[in-house]
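The values are calculated or read from the model by the stated rules, or taken from the named source; none is laboratory data. Keep in mind the model is a prediction, meaning the values are calculated, not measured. When we count neighbours, we look across all protein chains shown, and the Cβ atoms used for this are built from the backbone with ideal geometry, even at glycine.
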């Protein structure tokens with residue numbers, strides 16, 4: 001029970017549920033658990049409308065250690081919205097309890113969060129290049 005409380009209070013519940021759905025598309029089989037959780041954590045931040053400073057802090061760290069932070073990084077560069085909806089529908093199954101959260105965890109919201117994380121990262125990296 002304690003591990004469950006820590007799991008949810010640390011904010012990793014959604015990220016872990018999302019990463020559990022990654023194998024729906026076979027292109028992610030090469031990823032390790034932490035790599036999937038990293039990208040899922042970014043998507044979760046967009047679901048929650050996290051502060052830009054928080055997103056930037058995590059994104060900077062992920063990029064500095066080589067963790068996946070774009071759809072291409074997780075093997076989904078050619079994935080269509082329908083492909084990604086297969087993944088998000090799996091994650092949104094009732095047995096994963098996403099409906100307990102106070103933000104929209106519908107398959108469509110999960111898809112939008114993944115797309116937003118991907119685009120934000122691309123924009124972030126382009127901005128870093130311009131500043132260099």
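Numerical summary
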| read-out | value |
| --- | --- |
| So residue 16, is it farther than 16 Å from residue 116 by Cβ and modelled with pLDDT of 85 or more | no |
| Tally of residues being in contact (Cβ under 8 Å) with a residue 12 or more places away in the chain and outside any helix (DSSP H, G or I) across the stretch 30-52 | 4 |
| Any chance residue 36 is modelled with pLDDT of 90 or more and crowded, with 19+ Cβ neighbours inside 10 Å | no |
| Residue within the stretch 53-67 that is within 14 Å of the chain's Cα centre (by Cα), at pLDDT 75 or above and in a loop (DSSP other than H, G, I, E, B) present | yes |
